[in-house]
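Structure, as structure tokens:
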Amino acid sequence: MDLKLSLALPHEALSVPVIRRVLGDALRGLGVNEDCVADILVATSEACTNVIQHARSGGNYEVVGLVDDDVCVLKIMDWGRGLRRATSADDLGTLRESGRGLKIMRALVDDLSIDSTPDRGTVVHLRKRLTWRDEALIRRLERQLMHSAG
């Protein structure tokens with residue numbers, strides 16, 4: 001079963017609960033285990049919060065999600081200034097403080113990558129293998145297909 005969603009969201013803190021609600025409801029509706037949903041939502045929230053704090057203000061950012069087989073893949077895209085490099089001891093201290101979100105994301109998903117181009121934006125890629133509730137819709141459909149094919 002495939003599910004694809006795409007949302008364009010404003011650079012506002014109020015957009016984070018919106019993506020959490022839409023993505024969480026979709027994953028729960030498919031029957032994804034609640035612990036797995038929680039990991040995905042926290043990682044996505046961190047990525048979206050980084051966009052709001054660090055990308056160019058105004059306009060929108062985008063969240064594109066795909067559930068394919070047993071994997072959830074998310075792309076969080078902005079068109080901001082891209083990642084900056086630390087140039088001084090003060091910058092290093094600031095980056096250390098603000099880098100917690102990346103550590104959290106890495107701890108919660110199976111794969112995290114970031115593509116950033118100066119003045120063209122950043123794309124955060126999150127990938128997580130899904131675990132399912134026993135009564136998940138996808139599991140019921142698989143059993144029906146196996147039964148009818150057998």
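What follows draws every value from the coordinates through simple rules; no lab data is involved. Everything numeric in this text was worked out from a predicted model, so none of it was measured. As a convention, Cβ positions derive from the backbone with ideal geometry for all residues, glycine included, and neighbour counts pool all protein chains shown.
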If you go through the stretch 27-70, how many residues are over 18 Å from ARG106 (Cα atoms), part of a helix (DSSP H, G or I) and within 13 Å of the chain's Cα centre (by Cα)? 1
All positions within the stretch 31-50 that are within 16 Å of ASP70 (Cα to Cα) and crowded, with 18+ Cβ neighbours inside 10 Å: GLY31, VAL32, CYS36, VAL37, ASP39, ILE40
Residue that is surrounded by the most Cβ atoms within 10 Å (Cβ to Cβ), among those in the stretch 100-134 that are over 17 Å from the mean Cα position of the chain (by Cα) and part of a loop (DSSP other than H, G, I, E, B): ARG133
For the stretch 7-27, enumerate the residues that are surrounded by 15 or more Cβ atoms within 10 Å (Cβ to Cβ) and not aliphatic (A, V, I, L, M). HIS11, SER15, ARG20, GLY24
Filter the stretch 19-42 down to the residues that are free of Cβ contacts under 8 Å to residues at least 24 places away in the same chain and not acidic (Asp, Glu) and list them by number. ARG21, VAL22, GLY24, ARG28, VAL37, ALA38, LEU41
